[in-house]
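> Below you'll find the structure I mean.
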Amino acid sequence: VKTQGKGEIAVYDADFDQGRLRRLAIEAQIGKGLNRSEFEVFYQPVVDADTGRMVSVEALIRWPGRPEGALMPDQFIEIAEATGQIHPLGLFVLERACRDLAPLIDIKLSVNVSPAQFRDPAFERQVAHVLDQTRFPPARLQFEITEGYLLAHPERAIRAVEAFKATGMSVALDDFGTGFTSIHYLRSYGFSHIKIDKSLLVGLSPGSKATMLVTGAISLACGLDMRVIAEGVETETQAELLRAAGCHELQGYLFGRPMPIADLIALCREQFAT
Ligand code: C2E
Ligand code: CA
Ligand code: CA
Ligand code: CA
C-alpha cells in the first residue's frame, strides 16, 4: 500500500470498502438466490475435431434475473468458494445438469468442480447420491478440475481422481497452460482429458509462438494417452491449426455458445436427425 498523501489513503480505503461491501452483498445474495432457485445451468457444446459432431457439453452456472442484471460466474464463484457456499451451489449444478442431460443419451456431461468441493470428504458420497437419484450413468459424467488443488494436495487429489474413475467417471484437467503442472504430475494423475485454456489460443496463427506452444502441449498430452480439448475456439483459423496439431475435441463460440437446456435439446434433434 502506497501511503504518500492523505488523499491517497482515503481513496484506497474507499475502494477497499467498496470491494468488501460488494462481496458481502453478493455473499448474502448467493444464499437468497439458492433459496429462491435463481441459478440456472447453461450447456456449451464440445465437438469432435474431425467430424464436427457434438460429443459432450460443459455445464456452466448462470445467475440471471437479478434486479442489478446477470452476474457471470467469474464474479461470484470465487466468493462462493471463500464462504463455503460453493458446496450447495456445486451440488445444485451437478444435480440439475444430470437431470437435464439424462435423456440425451449420446451426449456426455462435463461439470466444473471447485478445489474446495474436491477436498470435501462428503463430496464422493454426495456425487454417488446424485447419480443414483437422477439415474445418470457415471460413464457419461466427467469432472473438470484445475491444477491449483493438485499442486497443494497431490496425494489426496490422486486418490480422489482414482475413486471417481473407479465408478466409471472421468476427470479432466481444466485450464491447462495457465499454471505450473509439471510433466511428472500429469503422469501421476489418471486424467482422461486435458483442456487447453482459451488464453493460450490468443494469437494462434500459422507459425506463431502461440501455435508452437499449443502444438507442444497437445503432443505432450497425446504422448501421455490423454485426449485434448481446446476451449475458447472462436475462429476457423484456430480450429484448423488445432486440428492439424492433433487436438481431439473443440469447444468455443465458433461451434456454440453456452445455452439453456431447451436450445440444447433442439440442437441435438437437428444433429441426430441428419
Ligand atoms: P472455465 O471452466 O474455463 O469455462 C470456460 C469459460 O469460457 C466459460 O465462461 C465459457 O462461457 C467461456 N467460453 C467458452 N467458449 C468461449 C469462446 O469461444 N470465447 C470466449 N471468450 N469465452 C468462451 P463462464 O461460463 O463465464 O465461466 C467462467 C468460469 O467460471 C469457468 O471457467 C469456471 O472456472 C467457472 N464456473 C462456471 N460454472 C461453474 C460451476 O458450475 N462450478 C464451478 N466450480 N465453477 C464454474
Ligand atoms: Ca471448465
Ligand atoms: Ca478455462
Ligand atoms: Ca476455470
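> So in segment 164-191, with the set limited to residues that are outside any helix (DSSP H, G or I) and loosely packed, with under 13 Cβ neighbours inside 10 Å, which one is modelled with the lowest pLDDT? Let's see the steps before the verdict.
Let us first name the residues in segment 164-191 that are outside any helix (DSSP H, G or I), namely 167-182, 189-191.
Subset that is loosely packed, with under 13 Cβ neighbours inside 10 Å: 168, 180, 182.
Working: GLY168: 96, PHE180: 69, SER182: 66.
My answer is SER182.
> What number of residues within segment 57-88 are more than 7 Å from ligand 1 (Cβ to nearest atom) and in a helix (DSSP H, G or I)?
Counting residues in segment 57-88 that are more than 7 Å from ligand 1 (Cβ to nearest atom) and in a helix (DSSP H, G or I) gives 10.
> Which condition number in (1) free of Cβ contacts under 8 Å to residues at least 40 places away in the same chain; (2) within 15 Å of ligand 4 (Cβ to nearest atom) is the one that PHE176 fails?
Among (1) free of Cβ contacts under 8 Å to residues at least 40 places away in the same chain; (2) within 15 Å of ligand 4 (Cβ to nearest atom), PHE176 violates only (1).
> Take PHE143 and decide whether it is within 16 Å of ligand 4 (Cβ to nearest atom), modelled with pLDDT under 90 and out of contact with any Gly (no Cβ under 7 Å at 6 or more places or on another chain).
Here the answer is no, as PHE143 does not meet what is asked.
> Need the failing condition index for GLU249 against (1) within 15 Å of ligand 4 (Cβ to nearest atom); (2) in contact with a Lys or Arg (Cβ under 9 Å, 6 or more places away or on another chain); (3) on the phi < 0 side of the Ramachandran plot, just the number.
Condition (1) is where GLU249 drops out.
> Might you check whether a residue that is at negative phi, crowded, with 19+ Cβ neighbours inside 10 Å and away from ligand 4 (no atom under 16 Å from the Cβ) occurs anywhere in segment 132-139?
yes
> Would you pick out the residues in segment 112-122 that are surrounded by fewer than 22 Cβ atoms within 10 Å (Cβ to Cβ), out of contact with any Asp or Glu (no Cβ under 6 Å at 6 or more places or on another chain) and either β-branched (Val, Ile, Thr) or in a helix (DSSP H, G or I) (or both)? Walk me through it before giving the result.
First, the residues of segment 112-122 that are surrounded by fewer than 22 Cβ atoms within 10 Å (Cβ to Cβ): 112, 114-116, 119-122.
Remaining after also requiring out of contact with any Asp or Glu (no Cβ under 6 Å at 6 or more places or on another chain): 115, 119-122.
Listed by number, the residues that qualify are PRO115, ARG119.
> Hey, does segment 142-150 have a residue that's touching a residue at least 40 places away in the same chain (Cβ under 8 Å), away from ligand 3 (no atom under 16 Å from the Cβ) and within 19 Å of the chain's Cα centre (by Cα)?
The answer is no, given that none of the residues of segment 142-150 is touching a residue at least 40 places away in the same chain (Cβ under 8 Å), away from ligand 3 (no atom under 16 Å from the Cβ) and within 19 Å of the chain's Cα centre (by Cα).
> Looking at segment 232-274 only, could you name the residues that are within 16 Å of ligand 2 (Cβ to nearest atom) and without any contact (Cβ under 8 Å) to a residue 40 or more places away in the chain?
GLY232, VAL233, TYR253, listed by residue number.
> What's the total number of residues in segment 239-274 that are of a type outside the set (A, V, I, L, M) and under 29 Å from TRP63 (Cβ atoms)?
Counting residues in segment 239-274 that are of a type outside the set (A, V, I, L, M) and under 29 Å from TRP63 (Cβ atoms) gives 14.
> Here is a further query. State all residues of segment 79-94 that are under 19 Å from THR167 (Cα atoms) and crowded, with 20+ Cβ neighbours inside 10 Å; if no residue qualifies, say none.
LEU94
> Could we say that ALA239 is more than 16 Å from ligand 4 (Cβ to nearest atom), under 17 Å from LEU173 (Cβ atoms) and surrounded by 21 or more Cβ atoms within 10 Å (Cβ to Cβ) here?
Judged against the criteria, ALA239 is not a match.
> I would also like to ask the following. For the structure I just gave you, tell me whether VAL228 is assigned to a loop (DSSP other than H, G, I, E, B), modelled with pLDDT of 95 or more, hydrophobic (A, V, I, L, M, F, W, C) and within 25 Å of PHE42 (Cα to Cα).
For VAL228, the condition - assigned to a loop (DSSP other than H, G, I, E, B), modelled with pLDDT of 95 or more, hydrophobic (A, V, I, L, M, F, W, C) and within 25 Å of PHE42 (Cα to Cα) - is not met.
> Follow-up question, since we're still on this one. Given (1) more than 30 Å from PRO64 (Cα to Cα); (2) within 16 Å of ligand 4 (Cβ to nearest atom), where does ILE196 come up short, assuming only one miss?
(1)
The values are calculated or read from the model by the stated rules, or taken from the named source; none is laboratory data. Since the structure is predicted, the reported quantities are computational estimates derived from the model, not experimental observations. So basically every Cβ, Gly included, is an ideal-geometry build from the backbone, and we count neighbours across all protein chains shown.
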